[in-house]
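Structure record follows, encoded as structure tokens.
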2 protein chains.
Amino acid sequence: MAAELSLPAEEAADGGSQQIRDALREAIVERRLAPGTKLSEADVGKLFKVSRTLVRGALQALSYEGLVKVERNRGAFVAYPSPEEAREIFAARRQIEPGIVTAAARNAAPSDIVRLRHLLAEEQRLTGQRGRDARRAEIKASGDFHLTLAAIAGNSIMERFMDELVARSSLVIALYGQSTASSCGHREHEEIAAALETGDAEKACRLMLHHIDHIETDLDLRPKNGIDLREALAI
Amino acid sequence: MAAELSLPAEEAADGGSQQIRDALREAIVERRLAPGTKLSEADVGKLFKVSRTLVRGALQALSYEGLVKVERNRGAFVAYPSPEEAREIFAARRQIEPGIVTAAARNAAPSDIVRLRHLLAEEQRLTGQRGRDARRAEIKASGDFHLTLAAIAGNSIMERFMDELVARSSLVIALYGQSTASSCGHREHEEIAAALETGDAEKACRLMLHHIDHIETDLDLRPKNGIDLREALAI
DNA sequence: CGTGCAAATATTGTATACAATAGCCTGCAA
DNA sequence: TTGCAGGCTATTGTATACAATATTTGCACG
């Protein structure tokens, strides 16, 4: 019933709850777990061979970043963002990302540019491939571009905000994206990186805003009513 | 040992953990709980007459918004933001709040302006009073001004981000604020509200940035070494 | 055949019990 | 007196047990 969830067995210094959180998060962001999927505490616990206590902690954590919706006495579900939420997510990105790229343009060291270039190359490579796994990896790489920008910008708080927004965007695209093409225009990422390389913050900013617009334009934020039905039964 | 924590007994629809979280949050933001204070699970549990389970949930939640620091096998402490963190918090606010006021200027209905005016009046009233309680209430009112702006802006995600930033700012001011005067220049809030009332988004934006600058200028972000010492022993 | 109630089942909410780790205190030796 | 060693206590980490709440199933009745 539950999708396959690899447990990487990589132990961090923090509690085992963190590992569950990370595994679930990755599965959600990479869209292996569909929005609306129920995450039963007992089931997840059995998968990871831990008690419900730890699972609860992980689910609660994920609910704080909006990836999981917990309903009292009903359980946890992979978030199923409404069109309204989707709009808010992208509105938030439009408010936040210009500041990020501006700061990134100011801070970027040559090594940062290299890092970005590597990401873009990887993304490019994956674009050429076929198959579900390649698509997943591409989704991840595409998100990582934005997250790397946030890291370069050098404000860990903003970075965390972006983390949440990118993850939730992935859910939204999974639900409302219509173009068969990749999640994000890869070409636009390249242009942004180029602007950053030349230190042209203003241009990078503008490109980023266009980029976000393009992503959102590709969404079909419904009149669909099939969604509501499904939401009613799944959530 | 622990400061007095009122439990308002107001039951929300959500779990009892939420009430503990809210009570602790309020105590931290209003500076009744000093940064660095240890929050023992057993002690807090006894205060609220609940098991450690719920307390843990609350503490974990607070750690997600940066108000509490949880160290593995050591326990939870009221966050003790470093000067570096303080700078990041205000940098984030400078990146976020202009967008908020711009959106607020666009969205503000007359009733919103009324709400802001009420807040300002309350703030004004409290400024005139003396005593710790008045000071606490003033801190809260000052923060509420910024939060209300975020609410008016109409993006619940940005609102949550601001929630976190305002709360953490309160901690920073508690630690590094030096002016005996109130936390925030009250006068500046009034000017921002006035700009909003006339729909002058550009002006409101500019005033907000100045306002944030003023708050940060009032901080003494150390060469102090007493802080490090205290941090070493308390955290 | 459909509807509504009721017991049964399953799942979550909370508390408690047990395990593991950290910090402290005592006592001994140099 | 100082420094270290060892166990001792206190606190957190995790698992389990019990309680409360939803959901489902089955049956009776219209």
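Considering only the range A:35-116, give the helices (runs of 4 or more DSSP H) lying wholly within it that have at least 3 residues that are among the small types (Gly, Ala, Ser) and under 29 Å from A:ALA141 (Cβ atoms).
It comes to A:52-64, A:83-107.
Could you list all residues from the range B:95-114 that are free of Cβ contacts under 8 Å to residues at least 60 places away in the same chain and within 19 Å of B:VAL166 (Cα to Cα)?
Selection gives B:GLN95, B:GLY99, B:ALA103.
Need the failing condition index for A:GLU123 against (1) within 11 Å of chain B (Cβ to nearest Cβ); (2) touching a residue at least 40 places away in the same chain (Cβ under 8 Å); (3) out of contact with any strand residue (DSSP E or B) (no Cβ under 8 Å at 6 or more places or on another chain); (4) part of a helix (DSSP H, G or I), just the number.
Going through (1) within 11 Å of chain B (Cβ to nearest Cβ); (2) touching a residue at least 40 places away in the same chain (Cβ under 8 Å); (3) out of contact with any strand residue (DSSP E or B) (no Cβ under 8 Å at 6 or more places or on another chain); (4) part of a helix (DSSP H, G or I) one by one, A:GLU123 breaks only (1).
Taking the range B:103-117 as the region of interest, how many residues are touching a helix residue (DSSP H, G or I) at 6+ places or on another chain (Cβ under 7 Å), among the small types (Gly, Ala, Ser) and open to solvent by 10 Å² or more (accessible area, probe 1.4 Å)?
2
With the requirement that a residue be more than 16 Å from DNA strand D (Cβ to nearest atom), over 18 Å from B:GLN19 (Cα atoms) and surrounded by fewer than 20 Cβ atoms within 10 Å (Cβ to Cβ), what does the range B:32-45 give you?
B:ALA34
If a residue must be among the aliphatic types (A, V, I, L, M) and within 13 Å of DNA strand C (Cβ to nearest atom), how many such residues does the range B:48-69 contain?
The total comes to 5.
Condition (residue is open to solvent by 80 Å² or more (accessible area, probe 1.4 Å) and within 13 Å of chain A (Cβ to nearest Cβ)) applied to the range B:91-102: is it met by at least one residue?
No, the range B:91-102 contains no residue that is open to solvent by 80 Å² or more (accessible area, probe 1.4 Å) and within 13 Å of chain A (Cβ to nearest Cβ).
Which of the residues that make up the range A:115-134 are of a type in the set (Lys, Arg) and closer than 17 Å to A:VAL166 by Cβ?
A:ARG115
Being among the aromatic types (Phe, Trp, Tyr) and either facing chain A (nearest Cβ under 10 Å) or more than 16 Å from DNA strand C (Cβ to nearest atom) (or both) is the requirement here; does B:TYR80 meet it?
So B:TYR80 does not fit the description; no.
Looking only at the range A:148-169, count every residue that is closer than 18 Å to A:LEU119 by Cα and under 8 Å from the mean Cα position of the chain (by Cα) and tell me the total.
Of the residues in that region, 3 qualify.
Looking at B:ALA134, B:ALA141, can you tell me which residue is open to solvent by less than 10 Å² (accessible area, probe 1.4 Å), part of a helix (DSSP H, G or I) and touching an Asp or Glu at 6+ places or on another chain (Cβ under 7 Å)?
Only one candidate passes the filter, namely B:ALA141.
Out of B:ALA9, B:ALA42, I need the residue that is farther than 30 Å from B:GLY177 by Cβ and at pLDDT below 95. Which one?
Unique residue meeting the criteria: B:ALA9.
Which of the residues belonging to the range A:153-168 are open to solvent by less than 20 Å² (accessible area, probe 1.4 Å) and either outside the structural domain of A:SER142 (by TED's automatic domain parsing) or outside any helix (DSSP H, G or I) (or both)?
Within the range A:153-168, A:ASN155 is the sole residue that qualifies.
Need pairs with beta-carbon distance below 9 Å; first residue within 11 Å of chain B (Cβ to nearest Cβ) and within 13 Å of DNA strand D (Cβ to nearest atom) and within the range A:50-69, second open to solvent by 10 Å² or more (accessible area, probe 1.4 Å) and part of a loop (DSSP other than H, G, I, E, B); sequence gap 6+ or separate chains.
A:GLY57/A:GLY15
Within the range B:157-165, does at least one residue satisfy the condition of being within 14 Å of chain A (Cβ to nearest Cβ) and touching a His at 6+ places or on another chain (Cβ under 8 Å)?
yes
How many residues are away from DNA strand D (no atom under 11 Å from the Cβ) and over 14 Å from B:ALA23 (Cα atoms) when one looks only at the range B:70-83?
Of the residues in the range B:70-83, 5 are away from DNA strand D (no atom under 11 Å from the Cβ) and over 14 Å from B:ALA23 (Cα atoms).
So that you can scan it fast, the table gives a plain yes or no per residue for (1) under 22 Å from A:ARG56 (Cβ atoms); (2) modelled with pLDDT under 95; (3) of a type in the set (Lys, Arg):
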{"site": "B:ARG56", "(1), (2), (3)": "yes, no, yes"}
{"site": "B:GLU65", "(1), (2), (3)": "yes, no, no"}
{"site": "B:ALA79", "(1), (2), (3)": "no, no, no"}
{"site": "B:GLU85", "(1), (2), (3)": "no, no, no"}
{"site": "B:ALA104", "(1), (2), (3)": "no, no, no"}
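The values are calculated or read from the model by the stated rules, or taken from the named source; none is laboratory data. Small disclaimer: the values here were computed from a predicted structure and weren't measured. Every residue, glycine among them, receives a Cβ derived from its backbone with ideal geometry; neighbour counts consider all protein chains shown. Only protein heavy atoms, including side chains, enter the accessible area calculation; ligands, DNA and RNA are left aside. Shrake-Rupley method; radii C 1.70, N 1.55, O 1.52, S 1.80 Å.
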